[in-house]
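The values are calculated or read from the model by the stated rules, or taken from the named source; none is laboratory data. Only a predicted model underlies this, so the values are computations on that prediction, with no experimental measurement involved. Cβ coordinates were reconstructed from backbone atoms using ideal geometry, including for glycine residues, and neighbour counts include every protein chain displayed. When the accessible area is computed, the model is the full protein with side chains, heavy atoms only, and any ligands, DNA or RNA have been set aside. Shrake-Rupley method; radii C 1.70, N 1.55, O 1.52, S 1.80 Å.
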Amino acid sequence: MLLLTSPLFLLCFFILKVGNKNERVFFLQKRPGKDARMFKIIKFKTMIDRYDSQGILLADEKRLTRIGKFLRG
């Protein structure tokens, strides 16, 4: 299955690399798994890191990129 979906993953990678002005394309997120054991998952980064004047991360709607909206849609 990975072999069949790899062209789609590569396409998403290049679209995010160009569209997000060379920001990181992936990020790691910790998630609870079986028996509440934490594991890390690699995800495409569809939001930019943008903070307000007090250093607080802005709401998701203000950080989601156009390409991120397309990929999530």
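Remarks
- Boolean, K62 is out of contact with any Gly (no Cβ under 7 Å at 6 or more places or on another chain), exposed (fewer than 11 other Cβ atoms within 10 Å of the Cβ) and basic (K, R): no
- Tabulated pairs, segment 15-33, first closer than 15 Å to M47 by Cβ, second modelled with pLDDT of 95 or more and open to solvent by less than 70 Å² (accessible area, probe 1.4 Å), C-beta under 8 angstrom, 6+ apart or interchain: L28/I41; Q29/I41
- Residue list for segment 49-67, restricted to those being touching a residue at least 40 places away in the same chain (Cβ under 8 Å) and under 12 Å from the mean Cα position of the chain (by Cα): T65, I67
- Residue match in segment 20-30 (condition: among the basic types (K, R) and at pLDDT 90 or above): yes
- In segment 44-56, the residues that are among the basic types (K, R) and open to solvent by less than 90 Å² (accessible area, probe 1.4 Å): K45
- Complete set of residues in segment 1-43 that are open to solvent by 100 Å² or more (accessible area, probe 1.4 Å), within 18 Å of R72 (Cβ to Cβ) and under 11 Å from the mean Cα position of the chain (by Cα): R24, I42
- Among residues of segment 53-65, those that are in contact with a helix residue (DSSP H, G or I) (Cβ under 9 Å, 6 or more places away or on another chain) and either among the charged types (D, E, K, R) or part of a strand (DSSP E or B) (or both), counted: 2
- Which listed residue, of I15, I41, is assigned to a strand (DSSP E or B) and among the β-branched types (V, I, T): I41
To keep it simple, each residue is scored yes or no on (1) at positive phi; (2) not β-branched (V, I, T).
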{"position": "L2", "(1), (2)": "no, yes"}
{"position": "L11", "(1), (2)": "no, yes"}
{"position": "K21", "(1), (2)": "yes, yes"}
{"position": "V25", "(1), (2)": "no, no"}
{"position": "K30", "(1), (2)": "no, yes"}
{"position": "F44", "(1), (2)": "no, yes"}
{"position": "Y51", "(1), (2)": "no, yes"}
{"position": "Q54", "(1), (2)": "no, yes"}
